[in-house]
Amino acid sequence: MRTATPADLGRLRGANLALATWVSAINFWAWNMIGPLSTTYATDMSLSSTEASMLVATPILVGSLGRIAVGAMTDRYGGRAMFIAVSLLSIVPVVAVGFAAEAGSYPLALVCGFFLGIAGTIFAVGIPFANNWYEPARRGFATGVFGAGMVGTALSAFFTPRFVNWFGLVPTHIVVAAALAVTAVVCILVMRNAPDFRPNTDPVLPKLTAAAKLGVTWEMSFLYAVVFGGFVAFSNYLPTYIKTIYGFSAVDAGTRTAGFALAAVLARPVGGALSDRVPPKYVVLASFTGTAVMAVIATFQPPPDLWSALTFITMAIFLGIGTGGVFAWVARRAPAHAVGSVTGIVAAAGGLGGYFPPLVMGATYDAEGNDYTVGLLLLAATALVCLLYTAFRLHAHEPPPSAAGSGNRDVREEKP
């Protein structure tokens, strides 16, 4: 590979990015196996709103925290090895969740959902993998394309309820597990790390400690917790929301949730590509503005199907653009040797941002009025806080080293 021509390198780069995106999509599908069926589980197991929310949120929590370690391990072992490992380790939890749900055991489903979170760590593998393949000027595009693997949530929302109707609950989980196995085999045979990849063999804990000392890590974590967290939360909880507010069936609610997820997925590369052309700060500002506005509009419960669809799809677009913008910002600012570690922490923050909203939505649901007004207004308020923080605290271009008063902040100048 070191003697490859530029054309050969371009083909290898594109093929590996496409394969990485596919691996992400399948793992995101696995990670989101519970959400589209949450209303069915709630009925079959006689779960309260809070119990159903906990079932949905548990894989999100584990998948989020696990990204911290997985990101650091990607720096050491490379994306290829970690893509294979995560895909293989997710197979058993996927099947186990199906059997637990078939048995009607809520405690067992929670335990299996905990391990299902392994699939959600895949995101921390792909960002450093894409960064290694692409030059800095195109990393916004690369991370945006890889981020489109979030389409797995749309695939899950659309197909999982239908597969259950067609094949049954356990066979559906076996189909997804088989897809994970095939994906791992394809990675073994086809995927390669970038020619310039160099393993970072430093111990994991010191690497994470060093990444945690960078100002960029926590700045981007805060922003990503809202944009990606909002996407994850709605992708998992929207089936419950739609069924509760509008009375649709699980299949119909899944179809509408798939539209939300697909809109966010398609918007993510747009956010990344825009961030290659203008400072990511402005992309992120637009994202938070739109998210806040659409969350407020959603409190008025727009009637189905046209107006409610427009409301949530527009919100998804703003969230998707924001996810692409934030990670393009990370790719610009994170030190090259620590991209995996920084990515792991930021991605974990994004997943954690998706853990709490389903719990909040379940806890603040007004059964008498049949509305989620409080939860939606909290989302709008959070987006507004992030908007103000981004506008007044973060630079469109990093200050030169002489102007940076802190050794903990990555101060390399950005080029728009």
Rounded to the nearest 10, the angle in degrees between the Cα long axis of helix 79-89 and the longest principal axis of the Cα atoms of the chain comes to 20
Kirkwood hydrodynamic radius, segment 266-360, all distinct C-alpha pairs: what's the number in Å? 14.4
Give me the net charge of SER49's neighbourhood, meaning all other residues with Cβ under 14 Å from the Cβ of SER49; Lys, Arg count +1, Asp, Glu -1. -3
Carbon and sulfur %, accessible surface of segment 1-90 computed with the full protein complex present, 1.4 Å: 66
Please tell me the relative contact order of segment 268-399 in percent, rounded to the nearest whole number, where contacts are Cα pairs under 8 Å and at least six residues apart. 40
Over its Cα atoms, what ratio of radius of gyration to 2.2 N^0.38 Å does segment 1-117 give? 1.34
Binning at 20 angstrom from zero up to the longest distance, how are the C-alpha pair distances of the chain distributed in percent? 30, 58, 12, 0
Counting only helical runs of four or more DSSP H residues, what would the 222 nm mean residue ellipticity of the chain come to if each run contributes -39,500 (n - 2.57) and the total is spread over all its residues? -26000 deg cm²/dmol
Order of 27-39, 89-101, 303-315 by packing, highest average Cβ count within 10 Å first? 27-39, 89-101, 303-315
If I ignore ligands, DNA and RNA and count only protein heavy atoms, how much of ILE242 is accessible to a 1.4 Å probe, in Å² to the nearest 10? 10
Rounded to the nearest whole Å³, what is the per residue volume of the convex hull around the Cα atoms of segment 64-105? 63
Can you give the accessible area of GLU219, probe radius 1.4 Å, in Å² rounded to 10? 20
Along each of the three principal axes of the Cα atoms of segment 90-238, give the extent in whole Å, ordering the values from largest to smallest. 47, 36, 30
Heavy-atom surface of segment 14-148, accessible at 1.4 Å and reported per residue (Å²): 31
The extension gain from THR50 to LEU110, computed as 0.36 nm times the residue separation minus the Cα-Cα distance, is 20.3 nm
Extend 7 Å from the Cα of VAL182 along its Cα-to-C-beta direction; within segment 90-108, residues with backbone N under 18 Å of that point are 90-92, 94-95
At 1.4 Å probe size, with no ligands or nucleic acids counted, give the accessible surface of LYS213 in Å², nearest ten. 120
In Hz, Karplus ³J(HN,Hα) per residue of segment 351-363 (6.51, -1.76, 1.60; θ = phi - 60°; x = Gly, Pro): x, 4, x, x, 6, 7, x, x, 5, 5, 4, x, 6
In nanometres, what is the gap between the two model label sites at LYS213 and THR289, each 7 Å from Cα along Cα-to-Cβ? 3.9
Segment 191-249 and segment 277-327: distance between their alpha carbon centers, rounded to Å: 18
Specify the angular offset, from 0 to 90 degrees and rounded to the nearest 10, of the alpha carbon long axis of helix 106-116 from the longest principal axis of the alpha carbons in the chain. 20
Segment 161-266, accessible area per residue, ligands and nucleic acids excluded (1.4 Å, Å²): 39
Any chance you could give the angle, 0 to 90 degrees and rounded to 10, that helix 306-333 forms with the longest Cα principal axis of the chain? 30
Working from the pairwise distances between different alpha carbons, so that the mean of 1/r is found and then inverted, what is segment 310-375's Kirkwood radius in Å? 14.3
With +1 at each Lys and Arg Cβ and -1 at each Asp and Glu Cβ, the charge dipole magnitude of the chain around its Cα centre, to the nearest 20 debye, comes out at 1280
Once amide hydrogens are built 1.01 Å from N within the peptide plane, the residues lying 5 or more places from ASP371 or on another chain with amide H under 5 Å from its amide H are ASP366
What do you get when you divide the Cα radius of gyration of segment 67-174 by 2.2 N^0.38 Å, with N the number of residues? 1.25
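The values are calculated or read from the model by the stated rules, or taken from the named source; none is laboratory data. Just so we're clear, the structure is a prediction, and the values are computed from it rather than from any experiment. Every residue, glycine among them, receives a Cβ derived from its backbone with ideal geometry; neighbour counts consider all protein chains shown. Ligands, DNA and RNA are excluded from the accessible area calculation, which covers all protein heavy atoms including side chains. Shrake-Rupley method; radii C 1.70, N 1.55, O 1.52, S 1.80 Å.
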